[in-house]
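The values are calculated or read from the model by the stated rules, or taken from the named source; none is laboratory data. Quick caveat, the model's predicted, so the values are computed rather than measured. Positions of Cβ are generated from backbone atoms using ideal geometry, with glycine treated the same way; all protein chains shown enter the neighbour counts.
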Amino acid sequence: MAAPPIARTLDLPPRGVKAVLKLLADGNTVPFIARYRKEATGGLDEVAIGRVRTEADRRKVLDERRATILSAIEGQGKLTAHLRAQLEDAAEKSTLEDLYLPFKQKRQTRATKAHALGLEPLARQILAQHRTGDPVREARRFVGAKVANADAALAGARDIVAEHIAEQAGVRARARSLCRQHGRIASAPKRGVKVDELGVFRDYAEHAEPLHRIPSHRYLAMCRGEDQGKLRVYLDIDRERLARAMAPQVNYQRHSPFGPQLKEALIDSVKRIIAPALERELRAGLRERTEDQATHVFAQNLEDLLLAAPFGQRAVVAIDPGFRSGCKLVALDPTGALKAHTTLHPHTRGKQERETEQLLLFVDRHRPDAVAIGSGTAGRETETWVRDALSGRPNTPIVVLVSEAGASVYSASAIARAEFPDLDLTVRGAISIGRRLQDPLAELVKIDPAALGVGQYQHDLRATRLEAALDDTVSRCVNRVGVELNTASAPLLERVAGIGPALAKRIVAQRQASGPFQSRAALQAVKGLGDRTFEQCAGFVRVRGGAHPLDASAVHPERYAVVERMAQALNTSVAELMGDEVRIKQLQASDWPEVGALTMADIQAELRRPGRDPRADFEAPQFRDDLHSIEDLSRGMQLQAVVTNVAAFGAFVDLGVHCDGLIHISKLARRRVHDPREVVRVGEVVNVEVLEVDVARKRISLVRIEDS
């Protein structure tokens, strides 16, 4: 059966899929298509468009392999019309490879040796399953200088039959189906490894789960144990039962005198050829599926982290805490620019009073709206010191504990060195902490997502696939929020649709040389930024106070003229129309057919709140002041926590004790939860109760307290 159309495979509207494929072929970016070509696609979002692109790429690879196979078989002079039709109808790579298997050039096998001995006619008799005849008598005809006796002849013939059976596409398809239905993925200690030597893999000493149901995190854990030489992982299936189930596929006749020979060959084929090959194939497919799931979890967590609520363009003092080396303090202006930095040692005995005075002087000098403190070593102790120091003072800034995951990676990066070549790494780290409070998205795009602590078995995943998925996620988030053209860094700008690293650097260089851009249109003066690139990127950049009122909105410049005509029709200007709910409501899509209902809805939303930030409002989590380490926790405590990572088996949360707790998936809600993200997301503040504390193993088990 030929592959169904992409639309049917993905359960998407055919017209929308056709439009997406054409737009992609024309060189349009996914964010641009999703936002500005809604009429063509029927409103498909970036995720759906990404799925269409992925499926189209998969089919392209499949078609290239199909062409290679057709050419190879045709070159052998063995391509029949029926075989061509089968190959052209194949919708999966496994089907293609099954059909090609008999025509592949083979290394020397037991069957090829038997062929060389001239035993193929005897093999054909076994396959024919005649109702009369004597296999031993027939075998004696082949005894000679190279074949010692009838038993040797029959053994060689069975080898030919076994390989022939294994090369039949229908047989392999049936065996594959049975393995998927009844096979189990099992693990045991590798030979020579004792159970007490398994360490973290002890739970997999004697473990087995159905192939089609095993969760991604458990299979990846088993594979890690295998890679580290601790476990033996295998496909557990009754191979003799599998052979019996496939007997009808090979025309086995119980009453034929050749039946026992075929039965023996079938069992041998299953055990020696089919099952090992299918084990490799099915495990590779399972690895692919589990990697897809783990990559999806990572990408979703990354999206939540990047789209966390920003504190906004407000002054911040940030602290990278430390015991021995001291606390690095930086003052940032509302744009994130560094104003001053210093080092204090509040955790050094005898210096607390003096360092507190210096802290207050620093805060009074720079008047921040918030103090951001890194959540790593000495984070909670530094938070307590700052809160105590600021307590009771007028106009006290809020104190926020900020995840510093990846800050050290940024501080040692080429980006950080280019931004602050004369600063110490720890000072750069403090700047990153402060900026990620002001705008998580703008700062975190500078850091390798793998360093942000929101993955699941990320080091066991193929780097190229993971990087591609995470890159798409970062770009999707940047384009969803939009960037300020006159303040965005090069790493942020390069994520805008149509803009890459080289062009982003040229934009920043021109801004530095010629001053702020006065409009979106001024972008076209940047060398290398042509009409096509401008079309793709213009809607995702913002120019506050620009030459055109809509430069600060998500309305694309291609729609400026029609919005101006809308304003004229309402006897007002575009600037006056923006924010005027009464007039905006008078705009009807039916009056502007060239726009379309979906685009009209977007335009109206932008006119109501031009340049609106789609992210939530900022809410600072509140940790208990009396809890600083895991030893301070006890069963039954009810606390506030911040979700730091969501995995397939539950959610990890920060309690402010330098050790994340786990809310198992079974403890996330009173109802059954299939995916933890149904109820929690990275960055979300949740209420929890402590179930168990294991200080020795640094494990905290929690239950989520649901709102009543």
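Some notes on this structure:
- If the condition is being part of a helix (DSSP H, G or I) and surrounded by 21 or more Cβ atoms within 10 Å (Cβ to Cβ), then the range 251-270 contributes 261, 262, 265, 266, 268, 269, 270.
- Check on residue 454, in contact with a Leu (Cβ under 9 Å, 6 or more places away or on another chain), within 17 Å of residue 536 (Cα to Cα) and either not in a loop (DSSP other than H, G, I, E, B) or not assigned by TED's automatic domain parsing to the domain that holds residue 223 (or both): no
- Within the range 16-41, considering residues that are in contact (Cβ under 8 Å) with a residue 40 or more places away in the chain and more than 23 Å from the chain's Cα centre (by Cα), the one surrounded by the fewest Cβ atoms within 10 Å (Cβ to Cβ): 27
- Residues in the range 467-514 that are in a helix (DSSP H, G or I) and touching a strand residue (DSSP E or B) at 6+ places or on another chain (Cβ under 7 Å): 492, 493.
- Residue within the range 509-531 that is among the acidic types (Asp, Glu), under 22 Å from residue 33 (Cα atoms) and in contact (Cβ under 8 Å) with a residue 40 or more places away in the chain present: no
- Every residue from the range 79-90 that is more than 14 Å from residue 101 (Cα to Cα) and part of a helix (DSSP H, G or I): 81, 82, 84, 85, 88, 89
- Some residue of the range 436-444 being of a type in the set (Asp, Glu) and crowded, with 22+ Cβ neighbours inside 10 Å: yes
- Restricting 406, 434 to residues that are at pLDDT below 90 and either under 26 Å from residue 302 (Cα atoms) or in contact with a Pro (Cβ under 6 Å, 6 or more places away or on another chain) (or both) narrows the list to 406.
- Strands (runs of 3 or more DSSP E) lying entirely in the range 298-410 (those with 3 or more residues that are among the β-branched types (Val, Ile, Thr) and surrounded by fewer than 23 Cβ atoms within 10 Å (Cβ to Cβ)): 398-402
- Candidate set from the range 137-169 (those that are closer than 15 Å to residue 264 by Cα and surrounded by fewer than 20 Cβ atoms within 10 Å (Cβ to Cβ)); member that is nearest to the chain's Cα centre (by Cα): 155
- Residue 428, sole failed condition from (1) free of Cβ contacts under 8 Å to residues at least 12 places away in the same chain; (2) part of a helix (DSSP H, G or I): (1)
- For residue 230, the conditions (1) touching a helix residue (DSSP H, G or I) at 6+ places or on another chain (Cβ under 7 Å); (2) within 23 Å of residue 267 (Cα to Cα) all hold with the exception of (2).
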